[in-house]
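The values are calculated or read from the model by the stated rules, or taken from the named source; none is laboratory data. Not measured: the values here are computed from a predicted model. Virtual Cβ from ideal backbone geometry, glycine too; neighbours counted across all protein chains shown. Heads up: the accessible areas ignore ligands, DNA and RNA and are worked out on the full protein's heavy atoms, side chains in. Shrake-Rupley method; radii C 1.70, N 1.55, O 1.52, S 1.80 Å.
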Amino acid sequence: MILTVTPNPSLDRTYEVPSLDRGEVIRATGERMDPGGKGVNVSRAVAAAGQRTVAVLPLGGAPGALVADLLDQQGIEVAPVPVAGATRSNIALAEADGVLTKINAPGPELSGAERELLLETVRQQSRDAAWIACCGSLPRGLAPSWYAELVARAHAAGARIALDTSGPALLAALRERPDVVKPNAEELSEAVGRPLATVGDAVKAAEELREMGARAVLASLGADGQLFVSHEGAWFGSARVVAVRSNVGAGDSSLAGFLIAGGNGPEALASAVAHGAAAVQLPGSVMPTPGDLDPAAVTVTAEVPADRVLKEPVS
């Protein structure tokens, strides 16, 4: 079982519109609602792969009830943490030409009692977990050190932690030695404080995160592929993609694939790449099923192409 923790989940409403004209009445041509948040997406991807997952998330108000219902419909067990504030509702406006405009709400502010209840719920639910995936931004009321406290408590209980966050929350958590961290290229660049122009730059940055405390790093480089760096070495993975339809949730799908395959080594990296490549070829935030995967399109090598210039360099 893979346990996911999403401290700031959302109810995501997407409206399809012909074009976005400021100051005008715009009539949507389509709409949908989805449970949102990086950890929620990891649970959705794990469930789509036919594996058991439990999602721990603070939920409040009518939006929170809708999130729980939507996850239940997808076969995902929910361990809700009741909070006084309403779960945030995010809005996405999808134009006909493919441009996506997103409005993300800040979410509720958690009280001291709610913060402690969230940690306690993770502890209770983690007994049967192979991995705990802690993902996304922190809501108001949780200090940047909150993930660090969660990692420390999880390790004390013998659990393994995968952490997907950024900024001060990531840096604070590194001192507690999370088992794997999953930055994208931009987050990796931010963590080390310098631009990344080549795959070799990304490898050096991942090694620095390990020196700062991460036991392993799974780094997504967008269209350029993915890296896995641990004490055993570094591997580079890429996949042939026919056509990109949507990259929403692709990184979360990659993390799910990585954890499903054991969360270590080149085999897990290959699974991560396969899941990410499948996700970008599906519409919206649809998560891939085993039938969507194409392992033959994936290449993983220990001969990392250090001099390869990134297609999307981070400055």
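Distant-in-sequence amide contacts of VAL78, defined by a placed amide H-H separation under 5 Å and a gap of 5 or more residues or a different chain, comprise ALA55.
Give the residues of segment 277-315 whose amide nitrogen is closer than 16 Å to a point set 7 Å from the Cα of LEU100 in the direction of its Cβ. Flagged as within label range: 277-288. The alpha-carbon of LYS38 sits under 17 angstrom from the alpha-carbons of these lysines, leaving out residues fewer than 8 places away in its chain: LYS102, LYS182. A 1.4 Å probe run over segment 6-53, with the rest of the protein chains in place, finds 51 Å² accessible per residue. Normalised per residue, the accessible area of segment 73-114 is 55 Å², obtained with a 1.4 Å probe and no contribution from ligands, DNA or RNA.
Dividing the helix sum by the residues of the chain, where each DSSP H run of 4 or more adds -39500 (n - 2.57), gives a mean residue ellipticity at 222 nm of -10500 deg cm²/dmol.
Taking the chain on its own, what percent of its Cα-Cα pair distances exceed 34 Å? Here the long-distance tail beyond 34 Å is 19 percent of all Cα pairs in the chain. Once backbone amide H atoms are built at 1.01 Å from N, LEU59 has VAL81, VAL83 as its partners under 5 Å, excluding neighbours fewer than 5 places away on the same chain. Among the trypsin sites (Lys or Arg not before Pro) in segment 24-115, those placed in a DSSP loop whose Cβ has at most 13 other Cβ atoms within 10 Å are ARG27. Between GLU120 and ALA296, residue separation times 0.36 nm minus the direct Cα-Cα distance comes to 59.1 nm.
Residues whose amide H falls under 5 Å from that of LEU142, counting only those 5 or more places apart or on a different chain, are LEU110, with hydrogens built in the peptide plane. Here the average projected area of the convex hull drawn through the C-alpha atoms of segment 1-111 stands at 7.8 nm².
The simple Förster model, with R0 at 30 Å and r as the Cβ-Cβ distance, assigns ASP307 and VAL244 a FRET efficiency of 0.75. Across segment 190-197, rounded Karplus estimates of 3J(HN,Hα) from the backbone phi angles (6.51 cos²θ - 1.76 cosθ + 1.60, θ = phi - 60°) give 4, 5, 9, x, 7, x, 10, 10 Hz, Gly and Pro being marked x.
Remark: the ASP72-ARG127 segment gains 17.7 nm on full extension, using 0.36 nm per residue and subtracting the alpha carbon distance. Exposed loop sites were defined as GluC sites (Glu not before Pro) in DSSP loop states (anything but H, G, I, E or B) carrying at most 16 other C-beta atoms within 10 Å; in the chain the longest segment without such a site runs 25-231. Coupling constants for segment 252-263 follow from the phi torsions by the Karplus curve (6.51 cos²θ - 1.76 cosθ + 1.60, θ = phi - 60°), and in residue order they are 5, 5, 4, 4, 4, x, 5, 6, 4, 8, x, x Hz; glycine and proline get x. What the phi angles of segment 167-179 give under the Karplus curve with 6.51, -1.76 and 1.60, with θ = phi - 60°, is a coupling list of x, x, 5, 5, 4, 5, 6, 4, 5, 9, 6, x, 5 Hz, glycine and proline written as x. Gyration tensor over the Cα atoms of segment 151-203: the corresponding equivalent ellipsoid has semi-axes (square roots of 5 times the eigenvalues, largest first) of 25, 11, 8 Å.
In this structure segment 201-284 gives 35 Å² per residue of accessible area when probed at 1.4 Å with all protein chains present.
Rolling a 1.4 Å probe over the protein heavy atoms of segment 160-231, with every protein chain left in place, gives an accessible area that is 47 percent carbon and sulfur. Comparing THR299, THR101, THR53 in a Gaussian network model of the chain, where Cα atoms under 10 Å apart are tied by springs, the biggest mean-square fluctuation is seen for THR101.
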